Amino acid sequence: MEAIIYELSRWAIPGIIFFILLYASLRGVKVYECFVKGAEEGFGLAVKIIPFLIAMMMAVSIFRHAGVISLLEKHCGCFFNLLHIPPDILPLAIMRPLSGGAALGITTELINTHGPDSYLGRLASTMQGSTDTTFFILAVYFGSVGIRKYRYSLGVGLWADVISFLASIYIVSRVF
Amino acid sequence: MINLIWLIMIIAGIVLAGIRGQPEVITESAFQAAQAAVKYSIELMGMMSLWLGLMKVAEEAGLIKTLARILRPFTKLLFPSLPPNHPALGSILMNFSANLLGLGNAATPFGLKAMQELQKINKNKDEASEAMCTFLAMNTSNITLLPATIIGIRLAAGSANPTEVIGTTLFATTIGFTAALITDGIMRRLHR
């Protein structure tokens, strides 16, 4: 099963490109001209998201480098202990929805410190793979079409992150 | 909500750095973040253009419409506000599949394409539509079959079984995905 998924992932991109281009040319599409026309849009779109990205990345960077997370870890640690959640995982849980790069850094550190096959290592691995960078995605996706009012989508995204986080703890402590 | 969270993150950071007597940390991280944001978008430009080019070819060939039609029964449930066979549905499916396989840099261009299509039929251009909220709820909690990055890290750290977290990740993402869609459905009704 794992081998199949791995092969699927390896061949996905070449397969998609091959299929799209072959299918389109068989249907008489002028593939080169069409590709160039579509690719033109990429430039504008990337520029359009810059203000949203700057706003989001600035807030995350300030929040992170000021040491807010280590403060939370110190003061909320005992609360997490009560729930049988290792406090070491707290920085990852907080950073995961905010910054993909920072979360990956924390995960790598946890894996290297505690070992990939330890409880914490497996939990960090599962959590890292389980949720996405909600703040970043909202900023980029809404930014690309100039939407500033997110309505309830941030709430839903963060709520789903909490659920995935709890599901990770549950399944890792049950399986391993 | 986003205004409040954004404000709190910045204010809390500055106050804490002030208490610690290290205000220069804030200056440096704010400036660096602004530069990193521009760098990211420049890097995205290449990937975006590549995938948007391919998407255009697929669209012209009628592939996107065909995809949307095949998935109609499924998407009718998730996106009741979208007209049948809307081109956004094809892009949404491509985005979902790319995320499923852990292909992050292909997922983003498909997703942004979907947002463009959704924005075309959005009545209030300033505000997220129902379909957009559902799409982003799906996207931020996407089911993951292959957490490629994390497997790489585990392999590098000398794990005896780097892929053993595939099952647990699939479980956690399925739960999260379901929760996101249910919550989105409830919120959609509450906000009408």
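What follows draws every value from the coordinates through simple rules; no lab data is involved. Note that the structure is predicted; figures quoted are calculated from it, not measured. We place every Cβ from the backbone using ideal geometry, glycine too, and count neighbours over all the protein chains shown.
Taking Cα pairs under 8 Å and at least six residues apart, what relative contact order does chain B come out at, in percent?
15 percent
Rounded to the nearest 500 deg cm²/dmol, what is the calculated helix-only ellipticity per residue at 222 nm for chain B, with -39500 (n - 2.57) per DSSP H run of length n ≥ 4?
Rounded to the nearest 500, the figure is -25500 deg cm²/dmol.
Just the Kirkwood number for the protein assembly as shown, please: inverse of mean 1/r across all distinct Cα pairs, in Å, one decimal.
In the protein assembly as shown this quantity evaluates to 21.4 Å.
Per residue of chain A, what 222 nm ellipticity follows from adding -39500 (n - 2.57) for every DSSP H run with n ≥ 4, rounded to the nearest 500?
-26500 deg cm²/dmol
From the residues A:Ala102, B:Leu71, A:Ala12, which one has its Cα farthest along the dipole of the protein assembly as shown in the positive direction, the dipole being from +1 and -1 charges on Cβ of Lys/Arg and Asp/Glu about the Cα centre?
B:Leu71
If a paramagnetic tag sat 7 Å from the Cα of A:Val175 along the Cα-Cβ line, which residues of region B:165-186 would have the backbone N under 11 Å from that point?
B:165-174
Anyone know which of B:Glu43, B:Glu24, B:Glu60 comes out most mobile in the 10 Å Cα GNM of chain B?
Residue with maximal mean-square fluctuation among B:Glu43, B:Glu24, B:Glu60: B:Glu24.
Go through A:Phe135, B:Ile11, B:Val57 and say which Cα lies farthest out towards the positive end of the charge dipole of the protein assembly as shown; charges sit on Cβ, +1 for Lys and Arg, -1 for Asp and Glu.
So the residue we want is B:Val57.
Nearest 10 degrees, 0 to 90: what angle lies between the long axis of helix A:68-82 and the longest principal axis of chain A (Cα atoms)?
60 degrees
Could you work out the relative contact order of chain A, using alpha carbon pairs under 8 angstrom and six or more residues apart, expressed as a whole percent?
Reported relative contact order: 21 percent.
Under a point-charge model restricted to the Cβ atoms of Lys and Arg (+1) and Asp and Glu (-1), what is the dipole moment magnitude of region A:2-42 relative to its Cα centre, in debye to the nearest 20?
The calculation lands at about 200 debye.
Taking each residue in B:61-68, count the Cβ atoms of any other chain within 10 Å of its Cβ, then average. What number comes out?
Neighbouring Cβ atoms belonging to other protein chains average 3 per residue here.
Which entries in A:Lys149/B:Lys39; B:Lys76/B:Lys123; A:Lys30/B:Lys39; A:Lys149/B:Lys113; A:Lys37/A:Lys149 show an alpha-carbon gap greater than 28 Å?
A:Lys30/B:Lys39; A:Lys37/A:Lys149
Excluding same-chain residues fewer than 8 positions from B:Lys65, which aspartates and glutamates have a Cα within less than 18 Å of its Cα?
List returned: B:Glu117.
How crowded by other chains is A:113-126, given as the mean number of beta carbons from other chains within 10 Å of each beta carbon?
Per-residue shielding by partner chains comes out at 5.
Through the Karplus equation 6.51 cos²θ - 1.76 cosθ + 1.60, θ set to phi - 60°, convert the phi angles of region A:98-106 into ³J(HN,Hα) values in whole Hz; use x for Gly and Pro.
In residue order, the calculated couplings are 8, 8, x, x, 5, 5, 5, x, 5 Hz.
For the pair B:Ile186/B:Asp126, report the inter-label distance in nm, with labels modelled 7 Å from Cα in the Cβ direction.
3.0 nm
Just name one of B:Pro83, B:Ala180, A:Tyr170: the one whose Cα is farthest towards the positive end of the charge dipole of the protein assembly as shown (beta-carbon charges, Lys/Arg +1, Asp/Glu -1).
Toward the positive end, the furthest listed residue is B:Pro83.
To one decimal place, what orientation-averaged projected area in nm² is obtained for the convex hull of the Cα set of region A:2-42?
Projected over every direction and averaged, the Cα hull of region A:2-42 covers 3.7 nm².
Residue-wise, which Karplus ³J(HN,Hα) couplings in Hz belong to region B:53-64, taking 6.51 cos²θ - 1.76 cosθ + 1.60, θ = phi - 60°, and x for glycine or proline?
For region B:53-64, the Karplus curve yields x, 5, 4, 4, 4, 5, 5, 4, 7, x, 5, 5 Hz.
Kirkwood Rh, Cα Rg: Rg to Rh for region A:48-112?
For region A:48-112, the value is 1.05.
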